[in-house]
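Undergrad: I'd like to ask some things about the structure below.
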Amino acid sequence: MTIIDARLRPPLKDYLRCNLYRDPKKTQGWSNNFLMKVSPAVEQRDADLLYREMDDAGVTLGVMTGRQSPDMGNVSNDDLMDVVREQPSRFVGIAGVDGSDPIAAIAEIERTVANGNLRGAGMEPGCGAIPMYVDDARLYPIYQYCSDRSIPMFLMGGGGNGPDLSYSNPEHIDRVCRDFPKVVVNMHGSYPWVPQVLFSCMCRPNMYLAPDMYMYNMPGAADYVTAANGFLRDRFLFGSGYPYIPLKQAVDLFVAMPFDRSILPNLLYKNMARVLKLDVD
């Protein structure tokens, strides 16, 4: 079966200089929250071990997102474009931009997505040098640019996505989806506001949901499953949150959840392939 991982950060290039790999004790500490142990590829910062891990788990494509954060580290879009050029059968890239400078962000999306090999734009506004909610008016020109060109927007909508819990409140991403009709992907699934974001998804048919690592051994996962079996079956996305969750465990746990078996292809690859405009057989 084809599997597209909506949030996979490989031990390559700039990722190795981010906290994800630079601070192994902190990464393992986060993995402990999910009752997990990081994989050997993460411990050894070894890309070849990751490729074996992907093959063993059946993960066909990993979606990499760029990052611009003074605290968590930067992942340059040039690095992502290089990885996609070198391994187009393994990785898809999403351009990470800094929303505090909308003019520069739009120019970067133009360069790397409209005229480059990346497949979407992404922001983590709460984690920037100037923390912003995702519905901050300063970000709206960026959303307008992407909406006008049908470029999917990946937003870090949950988890540790800002200085406090209010940044993951789905009322903010709900307003973005209200004001811009094209695809918005909610990374981390607005966790921990699970019932609230699911109601938002029911009302906003352009919101795609990727709870990724918050699906594994976490409270609220059953509610995500209920929604995926119903109104979200065409907009729910599998993701591991790697490196926090080993790929084989992520896939095995996900497939073992009480999803309607007939919709698993949607969740594991069809929905994301549609977002990224990929021709996946």
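The values are calculated or read from the model by the stated rules, or taken from the named source; none is laboratory data. Since the model is a prediction, treat every value here as computed from it, not as a measurement. Methodologically, a virtual Cβ is constructed for each residue, glycine included, from the backbone with ideal geometry; neighbour enumeration extends over all protein chains shown. Just so you know, the surface numbers come from the protein's heavy atoms only, side chains and all, with ligands and any DNA or RNA stripped out. Shrake-Rupley method; radii C 1.70, N 1.55, O 1.52, S 1.80 Å.
Undergrad: Roughly how many debye, to the nearest 20, is the charge dipole of region 92-242 about its Cα centre, given +1 on each Lys and Arg Cβ, -1 on each Asp and Glu Cβ, and no other charges?
TA: Approximately 420 debye in magnitude.
Undergrad: So for each of 247-253, 180-186 I average, over its residues, the number of other beta carbons within 10 Å; can you give me the resulting order with the highest mean first?
TA: Ranking, from highest mean packing down: 180-186, 247-253.
Undergrad: Can you return the lysines within cross-link range of K25? Criterion is Cα-Cα under 17 Å, with same-chain partners fewer than 8 residues away left out.
TA: Those lysines meeting the cut-off are K37.
Undergrad: Distance in nm between label sites at E171 and K37, each 7 Å beyond Cα in the beta-carbon direction?
TA: About 4.4 nm, to one decimal.
Undergrad: Quick check: Cα centre of region 225-264 to Cα centre of region 14-43, how many Å?
TA: When both Cα centres are located, 22 Å separates them.
Undergrad: Right, something else. Between M218, M156, M54, find the one with the highest GNM mean-square fluctuation for the chain; connect C-alpha pairs within less than 10 Å.
TA: Of M218, M156, M54, the Gaussian network model singles out M218 as fluctuating most.
Undergrad: For region 1-132, give the percent of accessible area contributed by carbon and sulfur heavy atoms, probe 1.4 Å, rounded to a whole number.
TA: Here carbon and sulfur together make up 51 percent of the probe-accessible area.
Undergrad: On to the next question. State the extension gain, in nm to one decimal, for the chain segment bounded by N217 and K26, taking 0.36 nm per residue of separation less the distance between their alpha-carbons.
TA: 66.9 nm
Undergrad: Moving to a separate point now. What FRET efficiency comes out for the pair L49/R274, r = Cβ-Cβ distance, R0 = 22 Å, nearest 0.05?
TA: Working from the Cβ atoms, E equals 0.10.
Undergrad: Let me ask something else. State in Å² the accessible area per residue of region 18-97; use a 1.4 Å probe, count heavy atoms of protein chains only, and round to the nearest integer. It would help to have the intermediate numbers written out before the result.
TA: Working: 3670 Å² over 80 residues.
Roughly 46 Å² per residue, with all protein chains present.
Undergrad: How many Å² of accessible area per residue for region 118-188, probe 1.4 Å?
TA: Normalised by residue count, the accessible surface of region 118-188 is 35 Å².
Undergrad: With runs of 4+ DSSP H residues as the only contributors, calculate the mean residue ellipticity of the chain at 222 nm using -39,500 (n - 2.57) per run, divided by the residue total and rounded to the nearest 500.
TA: Using -39500 (n - 2.57) per qualifying helix, the result is -9500 deg cm²/dmol.
Undergrad: Compute the distance in nm between two label points, each set 7 Å from the Cα along the Cα-to-Cβ direction, one at D252 and one at D179.
TA: For the pair D252/D179, the computed spacing is 4.5 nm.
Undergrad: Which label marks the calculated value of volume of the Cα convex hull per residue in Å³, given the options [x] 110; [y] 165; [z] 126?
TA: Computed from these coordinates, volume of the Cα convex hull per residue in Å³ corresponds to label [x].
Undergrad: I want to check the label-to-label distance for N117 and D82. Put each point 7 Å from Cα in the C-beta direction and report it in nm to one decimal.
TA: Calculated label separation equals 1.3 nm.
Undergrad: For the peptides 83-89, 34-40, what is the packing order when you average, over each peptide's residues, the other Cβ atoms within 10 Å and list the highest mean first? Kindly include the intermediate steps, with their values, before the conclusion.
TA: Values: 83-89: 13.6, 34-40: 16.6.
Descending packing order for the listed peptides: 34-40, 83-89.
Undergrad: On a straight-distance basis, which lysines could pair with K182 in a cross-link, Cα separation under 17 angstrom, same-chain partners fewer than 8 positions away excluded?
TA: Output for K182: K277.
Undergrad: Would you work out what percent of the accessible area of region 148-230, with all protein chains in place, is carbon or sulfur (probe 1.4 Å)?
TA: Whole-percent figure for carbon plus sulfur exposure: 57.
Undergrad: Which of A228, A121, A107 ends up with the largest GNM mean-square fluctuation for the chain, with Cα atoms connected below 10 Å?
TA: Of A228, A121, A107, the Gaussian network model singles out A107 as fluctuating most.
Undergrad: Please report how far the C-alpha centroid of region 72-109 lies from that of region 162-201, rounded to the nearest whole angstrom.
TA: After rounding, the separation between the Cα centres reads 22 Å.
Undergrad: Also, I was wondering about something else. Could you estimate the translational diffusion coefficient of region 32-82 from the Stokes-Einstein equation, with Rh from the Kirkwood formula over C-alpha pairs, at 37 °C and 0.692 mPa s, in whole µm²/s?
TA: It comes out at roughly 251 µm²/s.
Undergrad: If you put +1 on each Lys and Arg Cβ and -1 on each Asp and Glu Cβ, how big is the dipole of the chain around its Cα centre, in Debye rounded to 20?
TA: My answer is approximately 300 debye.
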